[in-house]
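Encoded as structure tokens, the structure appears first; notes follow it.
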Amino acid sequence: MTTSGMAGSNPPIFYTVAEAARILRVDVATIYRAIREDAFPAVRLRTRYVIPSRAVEEIVRQASESGSVVDVARMTAERRSAREFERKSGGAW
């Protein structure tokens, strides 16, 4: 079952900030603060943010598999570094 809780239907590609906060059981302000600090993955569409469902599912997966704390800011920074490396090197290894 996906984090969307909709078994048998197509899961969404993006969540609203409120939906992601509900799934992660945190306050909406916590998500917005992390987005502003560039510590949480999001897409900005004009004045609104949406959260990739894959990012939320990855957070849940890592926490479940590791049994420890998932540092979303570190995870986001690592992805950003990998993309920058690919961009500068002309592609993946």
Requested in this report: Check region 9-24 and report whether any residue there is of a type in the set (D, E, K, R) and either on the phi > 0 side of the Ramachandran plot or under 11 Å from the mean Cα position of the chain (by Cα) (or both).
Outcome: no
Query raised in the report: What is the one condition in (1) of a type in the set (A, V, I, L, M); (2) open to solvent by less than 90 Å² (accessible area, probe 1.4 Å); (3) at pLDDT below 90 that Met1 does not satisfy?
Result: (2)
Requested in this report: Please list, ordered by first then second residue, the pairs with beta carbon atoms under 8 Å, 6 or more apart or interchain, first in region 43-56 and free of Cβ contacts under 8 Å to residues at least 60 places away in the same chain, second open to solvent by 100 Å² or more (accessible area, probe 1.4 Å) and not small (Gly, Ala, Ser).
Outcome: Pro52/Ile13; Ser53/Ile13
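The values are calculated or read from the model by the stated rules, or taken from the named source; none is laboratory data. What you see is a predicted model; the values in this text were computed from it and never measured. Virtual Cβ from ideal backbone geometry, glycine too; neighbours counted across all protein chains shown. Quick note on the areas: whole protein, heavy atoms, side chains included, nothing else; ligands and nucleic acids left out. Shrake-Rupley method; radii C 1.70, N 1.55, O 1.52, S 1.80 Å.
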